[in-house]
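Peer 1: One structure follows; several queries about it will come next.
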Amino acid sequence: MRMWQSQYLIESNSFVNLPIEDSFQESNTLVLLFASPKIAEQLSPILDLKAKFPNATIVGCSTSGEIHKENLYDNSISITFINNKILKYNKNE
């Protein structure tokens, strides 16, 4: 199993540390989003993630503060990528 943590900062409109490994492009990749409620006003980061990782299953929820590494943030998205060769994710669209 491989994991990667990244972040999106709403105020600077930028991703930080997105994975570049090909393994996160596979269909057995799960992307977990923990997002500020402000993301509902600006869905483009989620659409960008879907475009960059089209085979991944992306799920998320809103938070009252996002934890990234050892820090607490507001107005951001904490993103965790999980790639597991054993698990298969069922995409029901």
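Peer 1: Of the accessible area of the chain, with the probe set at 1.4 angstrom, what percent is carbon plus sulfur?
Peer 2: 55 percent
Peer 1: Here is a follow-up. Would you calculate the volume per residue, in Å³, of the smallest convex hull containing every Cα atom of the chain? Walk me through the numbers on the way to the answer.
Peer 2: Details: hull volume 9.0 nm³, N = 93.
Expressed per residue, the convex hull around the Cα atoms of the chain is 97 Å³.
Peer 1: Just the accessible area per residue of the chain, please: how many Å² with a 1.4 Å probe?
Peer 2: Details: 5820 Å² over 93 residues.
With all protein chains present, the chain gives 63 Å² per residue.
Peer 1: Rounded to the nearest 500 deg cm²/dmol, what is the calculated helix-only ellipticity per residue at 222 nm for the chain, with -39500 (n - 2.57) per DSSP H run of length n ≥ 4? Display every interim value, and only then the final one.
Peer 2: Details: 1 runs with 9 residues, N = 93.
Taking each H run of at least 4 residues, the total per residue is -2500 deg cm²/dmol.
Peer 1: I've got another one for you. Could you give each residue of the stretch 2-17 its phi-based ³J(HN,Hα) in whole Hz, using Karplus coefficients 6.51, -1.76, 1.60 with θ = phi - 60°, and x for Gly or Pro?
Peer 2: 10, 10, 8, 10, 9, 8, 10, 9, 5, 5, 9, 6, 8, 7, 10, 6
The values are calculated or read from the model by the stated rules, or taken from the named source; none is laboratory data. If you're wondering where the values come from, they're calculated on a predicted model, not measured in any experiment. The area values use the complete protein model at the heavy-atom level, side chains included, leaving out ligands, DNA and RNA. Shrake-Rupley method; radii C 1.70, N 1.55, O 1.52, S 1.80 Å.
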